[in-house]
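Please read the structure below before turning to the comments.
Just so it is clear, none of the values below were taken in a lab; they were calculated from the coordinates. The structure displayed is predicted, hence computed values, not measured ones. Cβ placement follows ideal geometry from the backbone for every residue including glycine, while neighbour counts extend to all protein chains displayed.
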Amino acid sequence: MAARDCVLFVTHRWSPSIAAHYRRLQRQAGHLLDVLLVYQGEAVPAGMTPDIVVAGGEIAAIFPNRIAEGGSNWPFHSADLVWMTAAGMAPASSYERVWALEYDVDFSGDWATFFGQAVNYDGDLLGVDLRPLSVTPGWWNAGGYRQPGGLPEPLIGFFPIVCASRALIKAYRSELEREDWGGHFEMVLPSFAASRGFLVREIGGDTDHTPCERRGLHYTTPRMVGKVAATFTFRPPRSFRYYVEAPGVFRQPDRLYHPVKSDLPLATRLAFRWKHLGDRWVLVRNRLLRRDPPLRH
């Protein structure tokens, strides 16, 4: 087995901007862990040389029920299946711990600053904003969730960046579909891990799953500082350019940012800008009315 972690840079898109973002990760963190390029799709884009290609048929062979449940929307419903499938393919299959990093996650500093600490963090599952369902009972994606009877309260997490042990990967790939699990993966994945006695930890943040020494590190979430100020959230984009292209846009140093959406059409960027202005108005309105808005993450 490989002696150190690997990180899977997972993308279904490819462009000069994404390529430069990937090369920066490889250049800055490659001495700490092995950086593997994973392409999700059927036909590899020109100019791309991925280490692993994950096609739909390979995912469906391992998780047919999860794919069927998600239907045409399965990439949103079960995004974990991409990196869980890749983690069982060479060369990723030789590592005892696997990080997965979606292409729209960025870091406002040297990636070695983050991974120099994170590769030493314990846990079978490391994610973001981990909490019991009772903390956010109105979470948007809770509908349709199910788990085997007799298990404790489900957990919710956010996983654009995630780390999993080989033991958890093996259990998830071999046992998930044998039991009555269903619903959005951001509940299924952490709840399955906790139900099997795996150690579930937050990478940073400030939840009950965050070790004391990591509180406040690496990112801020909407529940910590509000949606407008958070570095790590669901949407809208925190930036339309990567840190390597526009470091001045990233106002907080040495923080994980998500999502960062490069190469978007002008109309899409304007729509997101309008949404961002709307979020700011909601923030001002709620402060005036002393209300707390419902949050997705």
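Between residue 254 and residue 180, what is the FRET efficiency for a Förster distance of 25 Å, r being their Cβ-Cβ separation, to the nearest 0.05? Intermediate results must be reported in sequence, preceding the final value.
On the way: r = 42 Å, r/R0 = 1.69.
Once the sixth-power term is evaluated, E becomes 0.05.
Just going by the charge dipole of region 168-253, with Lys and Arg at +1 and Asp and Glu at -1 on Cβ, which of 193, 211, 181 is farthest out on the positive end?
211
Relative contact order of region 56-185, please, whole-number percent, based on alpha carbon pairs below 8 angstrom and at least 6 residues apart.
Values: 133 pairs, mean separation 45.7, N = 130.
Once divided by the residue count of region 56-185, the mean separation gives 35 percent.
Charges only on Cβ, +1 for Lys and Arg, -1 for Asp and Glu: so what's the dipole of region 1-110 about the Cα centre, in debye to the nearest 20?
200 debye
State the answer as a single residue: which of 14, 52, 250 lies farthest towards the positive end of the charge dipole of the chain, with beta carbon charges of +1 for Lys and Arg and -1 for Asp and Glu, about the Cα centre.
Working it through, the farthest residue towards the positive pole turns out to be 250.
Report the charge-dipole magnitude of the chain in Debye, nearest 20, computed about the Cα centre from +1 at each Lys and Arg Cβ and -1 at each Asp and Glu Cβ.
1240 debye
Quick one: compute the contact order of the chain, relative version, from alpha carbon pairs under 8 angstrom and 6+ residues apart, as a percent.
Contact order relative to length: 19 percent.
Quick check: pseudo-label points 7 Å beyond the Cα along Cα→Cβ at residue 12 and residue 113, how many nm apart are they?
The answer from the label model is 3.2 nm.
For region 126-276, what relative contact order do you get, as a whole percent, if you take Cα pairs closer than 8 Å and at least 6 residues apart? Spell out each step's value before the answer.
Working: 217 pairs, mean separation 29.8, N = 151.
After rounding, I find 20 percent.
How fast does the chain diffuse by Stokes-Einstein, in µm²/s, taking the Kirkwood radius from C-alpha pairs at 20 °C and 1.002 mPa s?
109 µm²/s
Is region 185-236 best put as rounded, prolate or oblate by its Cα gyration tensor, with a ≥ b ≥ c the root eigenvalues, rounded for a/c under 1.5, and otherwise prolate when a/b is larger than b/c, oblate when not?
The shape class here is oblate.
Does anything in region 146-167 have its amide N under 19 Å from the 7 Å Cα→Cβ label point of residue 96, and if so which residues?
163-167, by backbone N distance to the label point.
Quick check: Cα centre of region 130-167 to Cα centre of region 181-202, how many Å?
Distance between centres, Cα-based: 6 Å.
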